[in-house]
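Q: Supplied in structure tokens, the structure appears directly below.
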Amino acid sequence: EVQEVVLNGIPGTNIDAGHISLRFPEIQVVTWSSGSQVTEGSFFLKLVYSDIETSIANENGIIITREMRTSCIPFDARADDIKAAIEVDAVANGLGQDAIEVTRSGDGSYSSNYGYSYTIRFVGDDFRGNIPQMTSDPSLSGIDSSGGKTCVAFNAPSGDATLTIQTINEANALGTDTPRAELTISSDSAIFEGQFEMSVTYLGETKTTDCIEWDADAATLKSKIEALSNVDSVRVDRTGDGTLSSVGGASEILDGVTFLVGNLSTTLVPYIFADIEITNKLFVGDRIQFSGQSDLTTFYTVVSVNDSAVTISKPFIAHEPFTITRFFGHRYKIYFDGQGMHTNKAEIAGFSPATGVNLALTSYNNCKSLKTIYNGVMESFSNIPDMNGSVLLNSKHDGGHTISVSQAITSSSEISKALADLAPLNLSSVMVTESLEDYQKGVTYTIVYGENDGDISDLVCNSNTIFIGTSATCTTDTVMDGNVLSGYFYLGASDAISFNAEASEVEAAIERISGIEDVIVSRTNSDGQKGYTWSVTYISNNGDVEELVPSNSLGGKDASIIVSEHQKGNELGGSYILFYGVEATSSIPFNADASSIESALENLSILDDVIVTESEDIDSEGGRTFLVTFRDSDLGDAILITANTNTLNGSGKAITIKEKIKGSIARGDSLHLSLDMPTMCSVSQVAPDSCGNPIDNVVFNIGVNSEFTGDTVQASMMPDYTVQIVRTSSMSFTANEFQKPALSGYFRLTYDGFTTSAISSSATTDEMRVALEALPSIMTVSVKKDLSYHQLDGACIDIESGSSLAVCSTSCLCNFASNGLQANDLVKIVDSWFRVSS
């Protein structure tokens, strides 16, 4: 995409006063369509917009709105008709001259669904930023903008005429005139509790948010700010997972400057400067690290900063110039993108977050302070020595007309930097070149966007009153549109798939292909050219699946679709050998059944009688579980079988053998111990969301009396981590009626220092397995799923064989009803599940 910004003056007058701003305008598309030709009909449009002049005059901290209502617009209206109906011919509160630009597409024929589309760009000085979406009568039934019936209903023979309105750049109507700020949350230790609140001073009043949780998502923070009466709209973007980490944590490199530091000094001095103001990029309280730093667990805190030096909290040693990287637990970028938050040409309106305390962190509501676990107790960071947790509000930008038209001040690099700062637009690069001045000091700026940025919306140039007073003009134009995708593609024998299909749509299309069963599909965000990457995981098709062959009917220069295999499907094959001591069985095929394994073991000289049973579950790679029972009366405590897998095929191939029940010769002089490890969390004081440290050893004391006096024997058992149990439960759900769902939401699991993606509380065994096998330390796992449960403390029952009546034992106090037990609940008695009748 190549665009131009042209500053032109009138002959004999120099362009040397005033400022401009560049922005991407709100774009809404009004479309009506029908299944047959329309010969008669009309419709209206309505828009609720902010009346900033009245809001400023009232000084009561409330954004006043007006409602624009058009008269009835003919079904075949031209673009100019729509523009006039909204701007000057409206029944009420027209937007005024030059507020919008309108283009019409379609010709009312079959090729355009017998209708038209009107693309409306809000380009006027008073209509900057995010504009509420217009409304109308979607059924085109003749209703007018006042609720009467003075419009003419569309008379399509098919009777299916409809009207839709769509905002095609929702939350992206941003510009150099958009007020914005950055809020960061960081800490030296994991935050377990805490809140913050913000105040906005605008339109004559200070309004304060409710308490906001420290880990609020972007949508929550957005809703809290927009609940203020002096804010009409904000866009909030959040990065970071709440932890301060140099591996995968939220961070930002301070580009354009390197630093030097004296020996054991805390003062950093800029060494190489680019066109950058350090005080606009680095702030007091920031957590930073340095290039070449060896200890990546250490973070330094910025104590003071100016454009000539940065002071940090502790000394840093470096002999070469280095760069700085900022780190965040959470980082919120807040864009005050509402129409009511922007300035106008007279610059008497607009929110200014960087001015005074117009945007501030406050303590009006006494919100909870940031806390962590310290010595096993929840404690505020402020009470812990040498530990800090902070909420910072910085990097504030007032917006407005910030680009000077004076060539002595403004350069192409300044415009590049201003546009690149519009982070939500994800511009990969912005390169601006400027022409030589003409004799009125007019100049043309040529803006070249990155090759991956695709088709960029046309910029709008708005000017302040001083610039307008010079009779100069600022215009924009697109020299060359960026390249974007459109159309459809196919995967093998699939139906046509849209270029921007959701993951669920691609999943459904693949599952309809003959021979393919259950798949899981995820999709990345689009790049600037509207390209996507879909990842397909085959759940039910065993082994290596044939690669899908793509074909396409895509639009766009050099459009293509590529299918590449990320990981081959895995399946067991070959054979293995079992050993009892040094004696080996014959080769056993990977898919041998229980009777084949039983025969192979009984062919060993030392084993005469074993029983082998097989579980019903066979995983997608052909793995299965067998139970071997040794029945030789003189065998006693059998040694553990071992296996040789050299001839077994498959990625991550493994045979796990563990003792289920210890055997013993019945001679009455020995005690054999076995234990199922507890699945409950520690009852000692541990950090929230934690079960304490893993068990690494279990010690038994065996004595002849309950006081363990006299001769005692001590035995230890090492836990076997080849089988681990993940259990989700909630005490608050135990009293729910059986029809109500139990847990919801997501959790993550950490193994060997690596953490999974979010796992649904209702995840299937395959979804759990995919999440775990994505970790670099796990090659393959087998997952089984069962119902979780809560044990009724102190409850024990008497029940007769063949009876369905369970009675509380006389030695127990069951309190079934008060413990939440009710009809239709599932209960587990020993290892079997039953449903309660009454």
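Q: Any of Lys224/Lys530; Lys281/Lys417; Lys662/Lys828; Lys46/Lys333; Lys83/Lys222; Lys568/Lys653 with alpha carbons more than 22 Å apart? Name them for me.
A: Those over the limit are Lys224/Lys530; Lys662/Lys828; Lys46/Lys333; Lys83/Lys222.
Q: Let me ask something else about it. In terms of Cα to Cα distance under 16 Å, which aspartates and glutamates are near enough to Lys441, apart from those fewer than 8 places away along the same chain?
A: Asp16
Q: For segment 506-517, just list the computed ³J(HN,Hα) in residue order, Karplus coefficients 6.51, -1.76 and 1.60, θ = phi - 60°, integers in Hz, with x standing in for Gly and Pro.
A: So the Karplus estimates, Gly and Pro as x, are 5, 4, 5, 5, 5, 5, 7, 6, 4, x, 9, 9 Hz.
Q: Still on this structure, please answer the following. Taking θ = phi - 60°, what integer Hz values does the Karplus form 6.51 cos²θ - 1.76 cosθ + 1.60 yield along segment 466-472, in sequence order, with x for Gly and Pro?
A: Computed from phi, the couplings for segment 466-472 are 5, 5, 4, x, 7, 6, 7 Hz.
Q: Could you tell me the center-to-center distance, by alpha carbons, between segment 421-491 and segment 808-834 in angstrom?
A: Answer, in whole Å: 71.
Q: Consider all pairwise Cα distances in segment 90-209 and report the whole-number % of them above 26 Å.
A: When all Cα pairs of segment 90-209 are counted, 50 percent exceed 26 Å.
Q: Right, here's the next one. Mind checking the per residue accessible area of segment 25-76 for me, 1.4 Å probe, whole number of Å²?
A: I get 39 Å² per residue for segment 25-76.
Q: A follow-up question, please. Would you mind getting me the FRET efficiency between Thr54 and Thr13? Use the beta-carbon distance for r and R0 = 51 Å, nearest 0.05.
A: The calculated FRET efficiency here is 0.90.
Q: Suppose accessible area is computed on protein heavy atoms with a 1.4 Å probe; arrange Asp527, Asp125 from highest to lowest.
A: So, going from the largest accessible area down, we get Asp527, Asp125.
Q: What relative contact order, as a whole-number percentage, does segment 765-830 give when Cα pairs under 8 Å and 6 or more residues apart are counted?
A: Worked out over segment 765-830, it gives 21 percent.
Q: For n ≥ 4 DSSP H runs only, could you compute -39500 (n - 2.57) per run for the chain, divide by its residues and tell me the 222 nm figure to the nearest 500?
A: Only helices count here, giving -2000 deg cm²/dmol.
Q: Considering the values [x] 11, 32, 34, 18, 6, 0; [y] 14, 43, 34, 8, 0; [z] 13, 37, 29, 17, 4, 0, which represents P(r) over Cα pairs in 20 Å bins from 0, in percent as calculated for the structure under consideration?
A: Of the labelled values, this structure produces [x].
Q: Then there is this: For segment 1-76, what relative contact order do you get, as a whole percent, if you take Cα pairs closer than 8 Å and at least 6 residues apart?
A: It comes to 27 percent, rounded to a whole number.
Q: A further question follows. Let me cross-check Cys796: its accessible surface, 1.4 Å probe, with only protein heavy atoms counted, in Å² to the nearest 10?
A: Result for Cys796: roughly 40 Å² accessible.
Q: Follow-up. Please list 23-32, 347-356 highest first by mean number of surrounding beta-carbon atoms within 10 Å per residue.
A: Packing proxy ranking, top to bottom: 23-32, 347-356.
Q: Which residues' amide hydrogens lie under 5 Å from the amide hydrogen of Ala584, considering only partners 5 or more residues apart or on another chain, with H built in the peptide plane?
A: none
Q: Now for a separate question. Write down the accessible area per residue of segment 381-536 in Å², having rolled a 1.4 Å probe over the full set of protein chains.
A: Accessible area per residue: 49 Å².
Q: Quick query: amide H of Ser651 versus all other amide H atoms, modeled in the peptide plane; which residues come in under 5 Å with a sequence gap of 5 or more or a different chain?
A: Amide H neighbours of Ser651: Glu571.
Q: Taking 7 Å along the Cα-to-C-beta vector as the label spot, tell me the Gln97-Ser291 distance in nanometres, rounded to one decimal.
A: 5.5 nm
Q: Using protein chains only and a probe of 1.4 angstrom, how many square angstrom of Glu182 are accessible, to the nearest 10?
A: Surface open to solvent at Glu182 totals about 10 Å².
Q: Taking the Cα-to-Cβ direction at Thr750 and at Lys568 and moving 7 Å from each Cα, how far apart do the two end points lie in nm?
A: 3.5 nm
Q: Starting from segment 229-327, pick out the trypsin sites (Lys or Arg not before Pro) whose DSSP state is loop and whose Cβ has at most 16 other Cβ atoms within 10 Å.
A: Those that pass, being in a loop and sparsely packed, number zero.
Q: Run the simple label-point estimate for Ile606 and Asp495 please: 7 Å along Cα→C-beta, distance reported in nm.
A: 6.3 nm
Q: Now for a separate question. As an exercise, identify the GluC sites (Glu not before Pro) in segment 507-613 lying in DSSP coil whose Cβ has no more than 15 other Cβ atoms within 10 Å.
A: Glu517, Glu546, Glu547, Glu565
Q: Let me ask something else. Using a 1.4 angstrom probe with every protein chain in place, what is the largest-first accessible-area order of Lys568, Lys222?
A: Lys568, Lys222
Q: Right, another one. Report, by chain and number, residues whose modeled amide H sits under 5 Å from the one on Val519, excluding near sequence neighbours (fewer than 5 apart, same chain).
A: Long-range HN contacts for Val519: Ile539.
Q: For Leu203, what accessible area in Å² do you get when you roll a 1.4 Å probe over the heavy atoms of the protein chains, rounding to the nearest 10?
A: In the full protein context, Leu203 sits at about 20 Å².
Q: For a quick size check, give me the Cα extents of segment 396-527 along its three principal axes, largest first, whole Å.
A: Extents along the principal axes: 72, 33, 22 Å.
Q: On average over all directions, what projected area in square nanometres does segment 189-331 have, based on the convex hull of its Cα atoms?
A: Over every viewing direction, the Cα hull of segment 189-331 projects on average to 10.2 nm².
Q: Of all accessible surface on segment 1-68 at a 1.4 Å probe, what whole percent is carbon and sulfur?
A: Heavy-atom surface of segment 1-68 belonging to carbon and sulfur, 1.4 Å probe: 45 percent.
The values are calculated or read from the model by the stated rules, or taken from the named source; none is laboratory data. If you're wondering where the values come from, they're calculated on a predicted model, not measured in any experiment. Reconstructed Cβ throughout: ideal geometry from the backbone, glycine too, with neighbour counts over all protein chains shown. Protein only, heavy atoms only, side chains kept; ligands, DNA and RNA dropped before computing areas. Shrake-Rupley method; radii C 1.70, N 1.55, O 1.52, S 1.80 Å.
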